[in-house]
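Undergrad: Sharing a structure, written as structure tokens. Questions coming.
The values are calculated or read from the model by the stated rules, or taken from the named source; none is laboratory data. Note that the coordinates shown come from a computational prediction; the quantities given were computed from them, not determined experimentally. Cβ sites come from the backbone with ideal geometry, for glycine too, and all protein chains shown count toward neighbours. Surface areas here come from the heavy atoms of the whole protein model, side chains and all, with no ligands, DNA or RNA. Shrake-Rupley method; radii C 1.70, N 1.55, O 1.52, S 1.80 Å.
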Amino acid sequence: MIKTIDLKDAVGTKLAHDITEIRPGEFKGAAFHKGHTVCNEDLCHLQKLGKNHLYLIDLEADEIHENEAAAIMAKALAGRGVVWKNEPREGKIGLKADTDGLLAVNVAALAAFNMIDEVMCATMHNHTRVKAGELVAATRAIPLVMKRAPIERAAAIAAQNGGVISVHPLRQGKAGLIITGDEVCHGLIQDRFAPILNRKLIDLGCEVDRVSFAPDDAEIIRRAICSHIERGCDLVLLSGGMSVDPDDVTRKGIRLAGADEVHYGAAALPGAMFLVAYIGQVPLIGVPACGLHHRTTVLDLVLPRILAGEKIGKKELAFLGHGGLCQDCPECTYPHCAFGKGS
Amino acid sequence: MQDFDTLLKKSADAHGHLCPGQVVGVRMAMLGCRLIGLDEPTRIDQIKKLIVIIEMDRCTGDAVAFVTGVKLGRRSLKFIDYGIMAATFINLETQTAFRVISTEEARDLAPVYAPEIPEKYPRQIEAYKRMPDSVLFRVQKVRVDMSEYDLPGPTRKKVSCSRCGQVVRDNREVVQNDFILCKPCAQGAYFREAKEIIWPDMNWTPAQEEDQMFVGKALRHESGK
Ligand SMILES: [Zn+2]
Ligand SMILES: [Zn+2]
């Protein structure tokens, strides 16, 4: 229960919550901390902050203070790779990445959690690449004092399936590259794909084992795939040959190589002709020609997720649609834009 | 108790269709029974321990009644017309009772839990299967003071209305100025202008026609004697 008392009667009482002070351009933070015992000298300062009344908290047995609530929620929300300190600031607790990796947000559980009136949690977008120590989410209770039951229900919702927010480190893949196309293979035109893919893979912490070139011949492509896998590659990227042109034999080569799952087409632009297939546990990624002309494509959305251990299938490629439209800005600012943020 | 999918199928058959209310009701019943410690509510040794009070006459209510096996005629099913998507599960043996309330949030969360399904009802059906109990329900531990006249078992009291003569069972009569009255006489009824009638084929009985003929012959035989 919260009682209100006049400031003049407050001397000797303990503050129920932090009292924030904002001096524009100078200072923003707690002028007084929760638990501080109000003394005569404080009255003037408190008055200047517009506090003519103070709250006194008298907790009933089934009630809980916002700071305790925040800690219960933070504990439940934090999944693998996420850490937090029980040092609420103005009722708020931040959750931070414990490792470099890819942020995973259980969006449904987050929504269910936030539907409970007394609580809130805000996060960065699902599938964002984060660095260790980076703030990825924050939570707080809305009232200063509330019943314990809704907080515990919110915590139960948050804790199922290992928490709402987790950070998955990217595995250091050993990648094989296959550049397909008669012109490139026969030296008629210079390949520009390999350096681009190489750079992206290295940026994600992968090692590029070997680049091989194959003409538009499904059997040769099949052999190239198999040889990469035999050499121990746990990721194979193929360029070109992803259009509807019947001569585009890359897809056929992928099937011949024994892919047991092939998903062709992604709801993102650029990148509609994207392909993800699996031979056993090894993902094969078919990168369409747009990868040559655009700095950022669907590959940049999907590759980190694969390296974070996510299985990409029809549903994942379809759900890219919302937010999957690149604005083709003159100066690309990805990842600081909406591209890929809707799924 | 049978598994969820089996119960849902049977409940939907009994109810007439598979609807979001069936999913919520089956889960509400499974949770309620679990909370009061009954794992086989329809089995003979548990059937008499259970009372369920349902607060809505909607699809969900049918599913709750089906899964728990409670019945109006056994006095194990009570209907309190609150228009609230909730039911209270009472274990008479342990005197524990839990009121399970279906959350309104679940409706709003359906698109988040089953985003790949565009149509409203199929989406709700799937989403309500995916949501954990913590999202689908709120639960209150409650005390229900149940009159002995509401419990299963033989009729404990019978009186006659002093105005219309109707027999009233189980303490449902009303006493006004020392007169015992039935509720329609005392408080008015849900019906009005009641007038007793005769109707065609008033002498029909479900007994076989042969039996009817036999009865007829016997009567003729008797009168001829
Ligand atoms: Zn129905
Ligand atoms: Zn009467």
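Undergrad: Sticking with the crude label model, points 7 Å out along Cα→Cβ, report the distance from B:D178 to A:K147 in nm, one decimal please.
TA: In this crude label model, B:D178 to A:K147 measures out at 4.8 nm.
Undergrad: What is the local net charge at A:N52, summed over the other residues whose Cβ is closer than 12 Å to its Cβ (Lys, Arg +1; Asp, Glu -1)? Please report the intermediate quantities before stating the final value.
TA: Values: positive: A:K8, A:K48, A:K51; negative: A:D6, A:D9.
Computed value for this residue: +1.
Undergrad: Have a look at the stretch B:118-203 and give its Rg and Dmax from the Cα atoms, expressed in angstrom.
TA: For the stretch B:118-203, the Cα radius of gyration and maximum Cα-Cα distance read 23.2, 63 Å.
Undergrad: Compare B:C19, B:C33, B:C185 in a GNM of chain B, Cα atoms joined below 10 Å, and give the one with the largest fluctuation.
TA: B:C185
Undergrad: How far apart, in nm, are two points set 7 Å out from the Cα along the Cα-to-Cβ line at A:T20 and at A:H45?
TA: 1.9 nm
Undergrad: Ignoring everything except DSSP H segments at least 4 long, calculate the 222 nm mean residue ellipticity for chain A; use -39,500 (n - 2.57) per segment, divide by total residues, nearest 500.
TA: Values: 11 runs with 93 residues, N = 343.
About -7500 deg cm²/dmol.
Undergrad: Could you size up the charge dipole of the protein assembly as shown around its Cα centre, putting +1 on the beta carbon of Lys and Arg and -1 on that of Asp and Glu, and report it in debye to the nearest 20? If you can, show how the numbers build up before the last one.
TA: Values: 71 positive and 73 negative charges, 253 e Å.
That gives a dipole near 1220 debye.
Undergrad: Can you run the Rg to Rh ratio on the stretch B:1-160? Use alpha carbon positions and the Kirkwood inverse-distance Rh. Intermediate values should be presented prior to the final figure.
TA: On the way: Rg = 16.1 Å, Rh = 16.1 Å.
Using only Cα positions, Rg/Rh for the stretch B:1-160 is 1.00.
Undergrad: Let me ask another. Which residue, B:A87, B:V144, B:C161, has the largest displacement toward the positive end of the dipole of chain B when charges sit on each Cβ (Lys, Arg +1; Asp, Glu -1)?
TA: Highest projection toward the positive end goes to B:C161.
Undergrad: Hey, what did chain A get for relative contact order, percent, Cα under 8 Å, at least 6 apart?
TA: Details: 728 pairs, mean separation 42.6, N = 343.
Worked out over chain A, it gives 12 percent.
Undergrad: Let me ask another. What does the charge count around A:F274 come to, taking other residues whose C-beta lies under 13 Å from its C-beta (Lys +1, Arg +1, Asp -1, Glu -1)?
TA: Values: positive: A:R251, A:R305, A:K314; negative: A:D300, A:E316.
In short, +1.
Undergrad: Suppose a student asked you for the relative contact order of chain B, using Cα pairs under 8 Å spaced at least 6 residues apart; what percent would you report? Display every interim value, and only then the final one.
TA: On the way: 314 pairs, mean separation 31.7, N = 225.
Answer for chain B is 14 percent.
Undergrad: Treating the angle as unsigned and between 0 and 90°, give the value, to the nearest 10°, between the Cα long axis of helix B:209-224 and the longest Cα principal axis of chain B.
TA: Roughly 20 degrees, rounded to the nearest 10.
Undergrad: Mind jotting down the distance between the C-alpha centroids of the stretch B:1-73 and the stretch A:195-229, whole Å?
TA: For the stretch A:195-229 versus the stretch B:1-73, the Cα centre distance is 57 Å.
Undergrad: Roughly how much of A:H263 is accessible, in Å² to the nearest 10, using a 1.4 Å probe?
TA: Accessible area of A:H263: about 40 Å².
Undergrad: Further question on the same structure: Across every pair of different alpha-carbon atoms, what Kirkwood hydrodynamic radius in Å does chain A reach? Write out the running numbers ahead of the final one.
TA: Working: mean 1/r = 0.0428 Å⁻¹.
Averaging 1/r across every pair of different Cα atoms and inverting gives 23.4 Å.
Undergrad: Helix B:4-15 versus the longest principal axis of chain B: what angle, 0 to 90°, nearest 10, using Cα atoms?
TA: For helix B:4-15, the angle is close to 40 degrees.
Undergrad: Once the Cα atoms of the stretch B:1-46 are picked out, what are the Rg and Dmax in Å?
TA: Radius of gyration, then largest Cα-Cα span, for the stretch B:1-46: 10.9, 31 Å.
Undergrad: Computed FRET efficiency, Cβ-Cβ of A:A289 and A:N161, R0 60 Å: what is it to the nearest 0.05?
TA: Values: r = 39 Å, r/R0 = 0.65.
My answer for the efficiency is 0.95.
Undergrad: While we're looking at this one, here's another question. Charges at C-beta only: +1 for Lys and Arg, -1 for Asp and Glu. How large is the resulting dipole of chain B about its Cα centre, in Debye rounded to 20?
TA: Values: 33 positive and 31 negative charges, 110 e Å.
The dipole of chain B has a size of about 520 debye.
Undergrad: Let me ask something additional. Quantify, in whole percent, the carbon and sulfur part of the accessible surface of the stretch B:5-68 (1.4 Å probe; protein heavy atoms only). Spell out each step's value before the answer.
TA: Values: 1410 of 2670 Å².
After summing per-atom areas, the C and S share lands at 53 percent.
Undergrad: How much of the DSSP bridge set in the protein assembly as shown is antiparallel, in percent, rounded to the nearest 5? Each step should come with its number before you reach the end.
TA: On the way: 65 of 86 bridges.
Around 75 percent antiparallel, to the nearest 5.
Undergrad: Still on this model: Using only the alpha carbons of the stretch A:152-200, what is the convex hull's orientation-averaged projected area in square nanometres? Don't skip to the end; give the middle numbers.
TA: Working: hull surface 23.2 nm².
With every direction weighted equally, the projected area is 5.8 nm².
Undergrad: Divide, for the stretch A:271-312, the radius of gyration over alpha carbons by 2.2 N^0.38 Å, where N is the residue count. Working shown, then result.
TA: Numbers: Rg = 10.5 Å, N = 42, 2.2 N^0.38 = 9.1 Å.
Output field value: 1.15.
Undergrad: On alpha carbon coordinates alone, what is the Rg over Rh value for the stretch A:1-110, Rh being the Kirkwood radius? Write down the numbers at each step before the final one.
TA: Numbers: Rg = 17.7 Å, Rh = 16.4 Å.
Value, to two decimals: 1.08.
Undergrad: Please list B:W204, B:W199 in order of solvent-accessible area, largest first, computed with a 1.4 Å probe with all protein chains present.
TA: On the way: B:W204 185, B:W199 135 Å².
Per-residue accessible area, sorted high to low, gives B:W204, B:W199.
Undergrad: With no solvent and one equal point scatterer per Cα, compute the Debye intensity ratio I(q)/I(0) for the stretch A:145-228 at 0.12, 0.16, 0.19, 0.23 Å⁻¹ and report its log10, rounded to two decimals.
TA: Ignoring solvent entirely, the Cα scatterers give -0.55, -0.73, -0.89, -1.08.
Undergrad: Okay, which of the stretch B:56-80 sit inside 12 Å, backbone N to the point 7 Å along the Cα-Cβ direction of B:Y190?
TA: Output list for this probe position: B:57, B:79-80.
Undergrad: Taking only the alpha carbons of the stretch A:180-296, what extent do you get along each of the three principal axes, in Å, biggest first?
TA: That works out to 35, 32, 31 Å along the principal axes.
Undergrad: I've got another one for you. Place a label point 7 angstrom from the Cα of B:R169 along the Cα-to-Cβ direction, then list the residues of the stretch B:64-107 whose backbone nitrogen is under 11 Å away.
TA: B:73-75
Undergrad: Using a Förster distance of 30 angstrom, determine the FRET efficiency expected from the C-beta separation of B:R143 and A:K92, and round it to 0.05. Walk me through the numbers on the way to the answer.
TA: Values: r = 39 Å, r/R0 = 1.29.
E between B:R143 and A:K92, to the nearest 0.05, is 0.20.
Undergrad: Apply 1/(1 + (r/R0)^6) to the Cβ-Cβ distance of A:L135 and A:F319, taking R0 = 30 Å, and write down the FRET efficiency to the nearest 0.05. Walk me through the numbers before you get to the answer.
TA: On the way: r = 26 Å, r/R0 = 0.86.
The value I calculate is 0.70.
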